[in-house]
Amino acid sequence: MKIPQELELTLNSNTFAVLKADFDNVLQKTLTNMQHKGSEAAEVKVSLKISFDKGVVSDIQIDNLDGQEEVIIPRFDHKVSSVLQIKDEVSGTLGGEFALVYDDVREDYVMREIISPQTSLGDYLG
């Protein structure tokens, strides 16, 4: 059986690597634009929207819960924008086949991959 992947929900973890990369790119573009345009001020905004979907999963195991269970499936949408005389914006989403689970060892929430016992053609071609 496949071991579920976990994603730590901290800004310092790799979970939000895309958000951090988007921030770095927008910051660099903003600084470059400021120098080229002779601007002395700019604003960079980071927005993170969080939404929960409820789902029922069956015949899988999440955090030692067997059978049919209701789980919370989180979704994180981010937007990084800069305002100078030109606006530059990038957005992305973190979500999918992960359930929100409290990890007693970490004493924090993590996103744990939902693994179905059903096999796919890819499992045989692997």
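Considering only residues that are acidic (Asp, Glu) and closer than 30 Å to GLU69 by Cα, look in region 1-55 and name the one that is surrounded by the fewest Cβ atoms within 10 Å (Cβ to Cβ).
ASP53
Output the residue which, of all residues in region 81-99 that are surrounded by fewer than 16 Cβ atoms within 10 Å (Cβ to Cβ) and aliphatic (A, V, I, L, M), is modelled with the lowest pLDDT.
ILE86
Can you give me the number of residues within region 37-80 that are at pLDDT 75 or above, at negative phi and part of a loop (DSSP other than H, G, I, E, B)?
4
When the residues of region 105-126 are narrowed to those that are at pLDDT below 55 and more than 17 Å from PRO4 (Cβ to Cβ), which ends up least open to solvent (accessible area, probe 1.4 Å)?
Ranking the qualifying residues of region 105-126, first place goes to GLY122.
The values are calculated or read from the model by the stated rules, or taken from the named source; none is laboratory data. Predicted model only: the values in this text are computed from it and were never measured. Backbone-built Cβ (ideal geometry, glycine too); neighbour counts: all protein chains shown. We work out accessible area using only protein heavy atoms, side chains counted, and drop any ligands, DNA or RNA first. Shrake-Rupley method; radii C 1.70, N 1.55, O 1.52, S 1.80 Å.
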